[in-house]
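Just so you know, all these numbers are worked out from the coordinates, no wet-lab data involved. As the structure is a computational prediction, the values presented were derived from the model and not from experiment. Cβ: placed from backbone, ideal geometry, glycine included. Neighbour counts: every protein chain shown.
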Amino acid sequence: MIDTRIGIIYPGDGALDREFWDFAPEGVSLHFTRQPQHDDPVGLQKMAELIDDGSLESCADSLKIIRPGVVAFACTSASFIRGLEGEKIIRERIQSASGSLATTTSGGILAGCRALGLGKVAVAAPYIEEVSVKLGEFLREGGIDVTRVEPMGLDSGIAEVSVDEVVQLGLKTDTLDAEGLVISCTNLVTLDAISVLEERLGKPVVSANQATVWHSCLLAGVSWQADFGIGRLWSADYAVAA
């Protein structure tokens with residue numbers, strides 16, 4: 001039985017719908033709508049287009065029919081490039097257009113770090129450097145220290161990166177003083193990498209798709225079993241999540 005509907009606004013090139021579903025608890029259904037395709041390389045210009053082309057409102061409005069408990073903007077980079085205030089504005093725009101609570105992937109990652117009590121994290125990102133460093137700035141603005149930002153340097157083909165490559169990226173990114181690892185991008189596979197990395201590193205891993213679904217469920221009032229979910233995030237202290 002489906003009890004909670006969550007709307008997902010996904011960029012036009014989003015290719016990992018199945019991964020979101022695999023993170024979701026029983027009783028939650030995910031309903032995707034996509035923004036128009038932008039053919040520019042993955043960079044600051046493309047990210048700005050995703051929040052400035054008017055599609056946020058039209059996508060959010062299209063989800064009204066399902067009466068979602070929460071609508072999530074599932075793009076990490078577009079939701080962090082303008083800092084905390086920019087992320088807040090995105091949520092307000094979605095809430096106004098959809099009539100539902102809203103979150104973003106970047107907001108979910110920040111909330112996840114807080115719920116896990118992480119004061120310092122290392123950040124792995126598939127993007128080029130000019131985009132990747134913005135996530136470090138966003139987390140620092142949110143009170144999370146960043147020990148390293150490790151970009152893969154990709155401006156296309158992110159959905160084609162293998163799980164093995166993600167694991168290697170995570171291992172390369174970690175630092176001794178980092179209390180956890182953040183993996184950015186909702187078009188990067190992490191479902192099968194999280195448990196491997198948490199075991200190898202001995203610390204929590206917060207990934208984009210994981211955090212998007214987790215924070216959406218949290219805001220929608222969804223409950224789940226204590227042993228549910230992939231990654232330590234699902235067992236985090238909800239009371240301190242933003």
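The eigenvalues of the Cα gyration tensor, multiplied by 5 and square-rooted, give the range 146-242 an equivalent ellipsoid with semi-axes of 23, 16, 12 Å from largest to smallest. Connecting C-alpha atoms closer than 10 Å in a GNM of the chain, tell me which of Ala24, Ala122, Ala97 has the biggest fluctuation. Of Ala24, Ala122, Ala97, the Gaussian network model singles out Ala97 as fluctuating most. Count Lys and Arg as plus one, Asp and Glu as minus one, and take only other residues whose Cβ is under 11 Å from that of Ile51; the net charge is then -2. Simple point charges give the picture: +1 on the Cβ of Lys and Arg, -1 on the Cβ of Asp and Glu, and for the chain a dipole about the Cα centre of about 640 debye. Near Glu141, once Lys and Arg are set to +1 and Asp and Glu to -1 for all other residues with Cβ below 10 Å from its Cβ, the sum equals -2. The relative contact order of the range 109-207, computed from alpha carbon pairs under 8 Å that lie at least 6 residues apart in sequence, is 33 percent.
For the range 1-129, the C-alpha radius of gyration divided by 2.2 N^0.38 Å, with N the number of residues, is 1.05. The share of C-alpha pairs in the chain whose separation exceeds 30 Å stands at 16 percent. Listed from fewest to most Cβ neighbours within 10 Å, the set Asp13, Asp145 follows the order Asp145, Asp13.
At q = 0.14, 0.19 Å⁻¹, work out log10 I(q)/I(0) for the range 18-81 with the Debye formula, treating every Cα as an identical point scatterer and leaving solvent out; two decimals please. For the range 18-81, the Cα-only Debye profile gives -0.49, -0.84. For Gln168 and Gln37, a Förster radius of 25 Å and the Cβ-Cβ distance give a FRET efficiency of 0.25, rounded to the nearest 0.05. Comparing Pro11, Pro36, Pro204 in a Gaussian network model of the chain (Cα springs below 10 Å), the most mobile by mean-square fluctuation is Pro36. Go ahead and collect, in residue order, the members of the range 130-145 whose backbone nitrogen is under 20 Å from a label point 7 Å along the Cα-Cβ direction of Glu85. Correct set: 134-144.
A Gaussian network model of the chain, with springs between Cα atoms under 10 Å, assigns the largest mean-square fluctuation among Val189, Val131, Val163 to Val163. Local charge for Gly69 was computed over the other residues whose Cβ lies under 10 Å away, with Lys and Arg +1 and Asp and Glu -1, and equals +1.
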